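First up is the structure itself, then whatever we jot down about it.
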Amino acid sequence: MTRKEDVLQLLEQCSLEERREIFQHLRKEFPIHQLEADLNTQAEVILEAMARSSDLTMRGIRGIIAEAAFLVDILQKLDGWRVLEIEGDAPYDFLIEDSAGPVRIQVKMQRRTKGFPLVRAGKFVVETQRTRTGKDAAGGATRPYRFDEFDILAVSLHPSTNEWSNFIYTVGSWLRPRSKEANLLEVFQPIPDKPNADWTDNLETSIAWFRSGTKKTIASF
């Protein structure tokens, strides 16, 4: 039996409290993430700060996790595609390309309220506007998305499935417009509880829909 196997066997014989003490000893030598060095603190402190943060801050953190999960669990597993670098402050989160050309993807979180998925008229909800408010050079609001700013909307279903790898997709131009400003996306868009003719759980299917040029609008609430 090797030394490592001896240690693992001894660990299995230790109590929970003893294993916790050993873990804390090893943590001094092995940081969990480079962010600990960047911020000069421990991961436990960073996580505690997140736990104590406001709901708005946690919404932002969940959004960042959703983007990372989309990259790792979806994009990096696609064959024949490459992820391109985005320059400047683009109105989409990912730019991917295959032999047929580029596709712009915006990633959003399924909306939650008071810790539970938001439901309207029996459908889940995604909020399609920027988190921060602002004005452009002409004085117009920069928070709303316009119809030509991204090609695919990818929505993380973590709030209802508790799985970061679960996404549902639709074509950006199929989203519902605002009643008084048809060039802007409606703030809250309805999401079905399972794929249908408007939404798919397969990214490449949604890209095929986009490239087909089909004109339609997703079903309302």
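Between THR205 and SER54, the C-beta separation translates, for a Förster distance of 41 Å, into a calculated FRET efficiency of about 0.65. Simple rule: put +1 on each Lys or Arg Cβ and -1 on each Asp or Glu Cβ in the chain, find the dipole, and look at SER15, ILE61, TRP174; the Cα lying farthest toward the positive end is TRP174. The computed Rg and Dmax of the Cα atoms in Å for the structure shown corresponds, within (1) 20.1, 78; (2) 17.3, 51; (3) 21.8, 74, to (3). Taking each DSSP H run with n ≥ 4 as -39500 (n - 2.57) and averaging over every residue of the chain yields -9000 deg cm²/dmol at 222 nm.
Looking at this model, which pairs from LYS114/LYS216; LYS114/LYS180; LYS123/LYS194; LYS108/LYS194; LYS123/LYS216 are more than 22 angstrom apart at the alpha-carbon? Let's see the in-between values first.
Numbers: LYS114/LYS216 33 Å; LYS114/LYS180 30 Å; LYS123/LYS194 10 Å; LYS108/LYS194 17 Å; LYS123/LYS216 19 Å.
Result: LYS114/LYS216; LYS114/LYS180 exceed 22 Å.
Solvent-accessible surface of the chain, averaged per residue with a 1.4 angstrom probe and all protein chains in place: 64 square angstrom. Spatial offset of region 143-190 relative to region 7-51 amounts to 39 Å, using the alpha carbon center of each.
Applying 1/(1 + (r/R0)^6) with R0 = 25 Å to the Cβ-Cβ distance of PHE188 and ASN166, what FRET efficiency is obtained, to the nearest 0.05?
On the way: r = 20 Å, r/R0 = 0.81.
Working from the Cβ atoms, E equals 0.80.
A simple count of charges around GLU204, restricted to other residues whose Cβ falls under 10 Å of its Cβ and scoring Lys, Arg +1 and Asp, Glu -1, yields -2.
Count the DSSP beta bridges whose two residues both fall in region 43-190, then state the antiparallel fraction as a percent rounded to the nearest 5.
Details: 25 of 30 bridges.
That works out to approximately 85 percent antiparallel.
The values are calculated or read from the model by the stated rules, or taken from the named source; none is laboratory data. Here the structure is a predicted model, which means the values were calculated and not measured. Every residue, glycine among them, receives a Cβ derived from its backbone with ideal geometry; neighbour counts consider all protein chains shown. These area figures cover heavy atoms from the full protein model, side chains too; ligands, DNA and RNA do not enter into them. Shrake-Rupley method; radii C 1.70, N 1.55, O 1.52, S 1.80 Å.
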